[in-house]
1. So which residues in the range 114-133 are farther than 28 Å from Phe235 by Cβ and either touching a Pro at 6+ places or on another chain (Cβ under 7 Å) or assigned by TED's automatic domain parsing to the domain that holds Ser212 (or both)?
2. Give Ser212, Ser267, Ser224 a once-over and let me know the one that is surrounded by fewer than 18 Cβ atoms within 10 Å (Cβ to Cβ) and small (Gly, Ala, Ser).
3. Only residues that are assigned to a strand (DSSP E or B) and farther than 25 Å from Leu231 by Cβ: list them for the range 26-79, please.
4. Identify the single condition in (1) at pLDDT below 50; (2) in the same structural domain as Gln253 (by TED's automatic domain parsing) that Leu359 does not satisfy, given that it satisfies every other one.
5. From (1) modelled with pLDDT under 95; (2) in a loop (DSSP other than H, G, I, E, B), pick out the condition that doesn't hold for Ala257.
6. Which one of these is touching a His at 6+ places or on another chain (Cβ under 8 Å) and either buried (at least 16 other Cβ atoms within 10 Å of the Cβ) or within 30 Å of Thr306 (Cβ to Cβ) (or both): Tyr190, Tyr173?
7. From the list Glu178, Glu195, Glu288, exactly one residue is surrounded by fewer than 17 Cβ atoms within 10 Å (Cβ to Cβ) and closer than 22 Å to Lys89 by Cβ. Which is it?
8. All but one of (1) of a type in the set (Gly, Ala, Ser); (2) surrounded by 19 or more Cβ atoms within 10 Å (Cβ to Cβ); (3) over 26 Å from Ala139 (Cα atoms) hold for Ser87; which doesn't?
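The values are calculated or read from the model by the stated rules, or taken from the named source; none is laboratory data. Here the structure is a predicted model, which means the values were calculated and not measured. Note that each Cβ is placed from the backbone with ideal geometry, even for glycine, and that neighbours are counted across all protein chains shown.
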Amino acid sequence: MASPPTRTILFTLLVFSAIATLSLAQTPPRFNCSSTSKCHSLIDYISPNATTIGAVQKLFQVKHLLSLLGANNLPANTLSNFSLPASRKIKIPFNCKCNNGTGLSDKRPIYTVQSGDSLDKIAEVTFARLVTFLQIQIANEIPDPRKIDVGQELWIPLPCSCDEVDGNRVVHYGHLVEMGSSISAIAGRYNVSEETILKLNGIADPKGLQASQVLDIPLKACSSVIRQDSLDFPFLLSNDTYDYTANNCVLCQCDAAKNWILDCKPSPLKPSSVKSSNWSSCPTMACEGSNLLLGNSTASDCNTTTCAYAGFSKQTIFTNISTLNTCPGPSDNGNGASRTGSQGLNLAYLVAITHVLALSLLLIQ
């Protein structure tokens, strides 16, 4: 048993070691989130080794391969053995839920500990620094980070958010900062103001941006008429992405070139087998009061009328007649189009240090 002076020295060394380690580490990603609704989010991932799209789907437990393909605008006929080089960045779609002011992936993905794993290796290598070992430890209430067992299941708490930004619903995207990048370059690439990025991420000095840092980037979503009582509300897609919804019966895509209006049509897939539905075939998708089916349009004078997707329930798929005014307005300079139909609507460091100090006290007693 070490003497009191020796324990004091050991404790001091542990404290300074912990602080030094944290100061050199990447800032733990933490996105502000106060919404009461769940949502879909995106986050970048770069595998440390060459892999396949199917292996990435399995690692992050993306339910449908098509959702992963759609988030990256890959052809829907892409096979699971599609190769991804070690340097390939891939966007991961997942469900997000707010809790205690921050957003975390909704109890997914679950990682099963392999032989030779440590919390640090899982965080740094397997999940490519999207989380820290301390975040995994705290999320899974692990008393001693050095003691994890082969076969143990760990929740990997990916950062995310469901909050509106400047009054608009957006797709929150965890952007992995590349070497040599800057706030201004990122802002220009994703059409977001520098001020918004700095504010969302609590960055005081843009020059302090680090490579491999995960930034919360709010991506503009295509406007839609999804009902609030729909089982997929809010169904949000960012530019150049697509996804299947309504038990795979509806295919929707977002294309900024099409006036940022969600474009949905019946999918070629059979309905998925889920608890919320026992559909043997996809329901009728006709707009009431018209002869239009989902995705069909008619044009007259300056107006284009479309049968739009409005959500689904356990029994049916909702549709809605929406109208687009294609005539240029006074301020459009002949190029604009306006929608006239229905419209859709670094505390972590302190926590980490406190946690490490508590563990240090336990270790030297």
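1. Across the range 114-133, the qualifying residues are Leu119, Val125, Ala128, Thr132, Phe133.
2. On inspection, the qualifying residue turns out to be Ser212.
3. Once the filter is applied, which keeps residues that are assigned to a strand (DSSP E or B) and farther than 25 Å from Leu231 by Cβ, the range 26-79 yields Asn32, Asp44, Tyr45, Ile46, Thr51, Thr52.
4. (2)
5. (2)
6. The match here is Tyr190.
7. Glu178
8. (2)
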